[in-house]
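The values are calculated or read from the model by the stated rules, or taken from the named source; none is laboratory data. Computed from a prediction, not measured in an experiment: that's the story for all the values here. Glycine also receives a Cβ, built like all others from the backbone with ideal geometry; neighbour counts cover every protein chain displayed.
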Amino acid sequence: MVRAGEGAFLLDDFINKSIIAIGWNATGDLSAIEKIDKIKGLVAANYQEYKSGTVNISAGQIYRFIHEFKIGDAVMTYNPTERVYWIGEIDSDYKFDKEICEYNHIHKVKWIDKIPRDELSTSTKNTLGATLTIFDIPKAARDEIFNLLSGSKKPIVEIENEKESLEIIKEDFIAKSHEFIKDKVLSLDWEDMQELIAGILRAMGYKTRISPKGADRGKDIIASPDGLGLEEPKILVEVKHRQGQMGSQEVRSFLGGLRARDKGLYVSTGGFSKDSRYEAERSNIPITLIDSDMIVELISQNYDSFDSETKSLVPLKKIYWPI
């Protein structure tokens, strides 16, 4: 797969001029450069805004386009407007040309046919959804595509299997999103973590007070309907942002500072031991233990109600999924 730029804006050039092309024009002609490290150096020098990871990915894409694409190889690109995949065959070695199109690293291509996206199975559609400019198409997807090109009918896939496949993709996506959000949360410093927990409570309808720096006698945040702790429920919050589980002694100590009508919230990004959870369960004072996974769940559930300060701590973008 070689994408025709962002939004396929170069698709007409690809098809009408019988080419595939990639950008990074500032590197110049790379015909004589055979080492990927040298390409990395040129990318880093000419695209100084790139982080190291972006430099490595970009250099890898360029190297493959120049040295791994061979005459006779099958290649495809996507037209998102018409929802069709164009299939072709590479027809030339690599060349650097500033005249043919806006992207200067080029191979000539003989375009053979096109396939509607709607004729592909859900699993193949998923494999073709990668965001990289260049990527390998898995064998199962290639076989399906070549079968369609040869005139073979698409294998019958029951609707339930299609739904199941889409559901698996969705669940995988949700699981990855959960971990990425958790990565962001755990990268916060201790003060920002306190602000995040307070922000979650505000989004849930409470007013909060964060204890000043120094000895807080086991209370980092006080949350209540009036913000003064005079109206019930009065929630006292302890925030531990560190590696390692909290044990029963820490939970017992926190409970010791609560009064009969208080509610306790103990936050530990390092989690809780089995004994500490037992200590909380048998407590006469209501207490909820919150680990990093529950923080992520609370963020997801209440994010739309976050104030701007809290959103700035964990910036997220909503993504819609078909049901």
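Let me confirm something: among SER305, SER283, which residue is surrounded by 13 or more Cβ atoms within 10 Å (Cβ to Cβ) and in contact (Cβ under 8 Å) with a residue 60 or more places away in the chain?
Testing whether each residue is surrounded by 13 or more Cβ atoms within 10 Å (Cβ to Cβ) and in contact (Cβ under 8 Å) with a residue 60 or more places away in the chain leaves just SER305.
Can you name every residue in the stretch 166-199 that is touching a residue at least 24 places away in the same chain (Cβ under 8 Å) and under 14 Å from ASP291 (Cα atoms)?
Those that are touching a residue at least 24 places away in the same chain (Cβ under 8 Å) and under 14 Å from ASP291 (Cα atoms): HIS178, ILE181, LYS182, VAL185, LEU186, MET193, GLN194, LEU196, ILE197.
For the stretch 167-190, which residues satisfy the criterion of being surrounded by 13 or more Cβ atoms within 10 Å (Cβ to Cβ) and of a type in the set (D, E, K, R)?
LYS170, LYS182, LYS184
Among the residues of the stretch 183-233, what is the count of those that are modelled with pLDDT of 80 or more and among the small types (Gly, Ala, Ser)?
8
For the stretch 102-135, which residues satisfy the criterion of being modelled with pLDDT of 95 or more and basic (Lys, Arg)?
LYS108, LYS110, listed by residue number.
Take the stretch 88-112 and flag every residue that is surrounded by fewer than 19 Cβ atoms within 10 Å (Cβ to Cβ) and closer than 20 Å to PRO138 by Cβ.
GLU89
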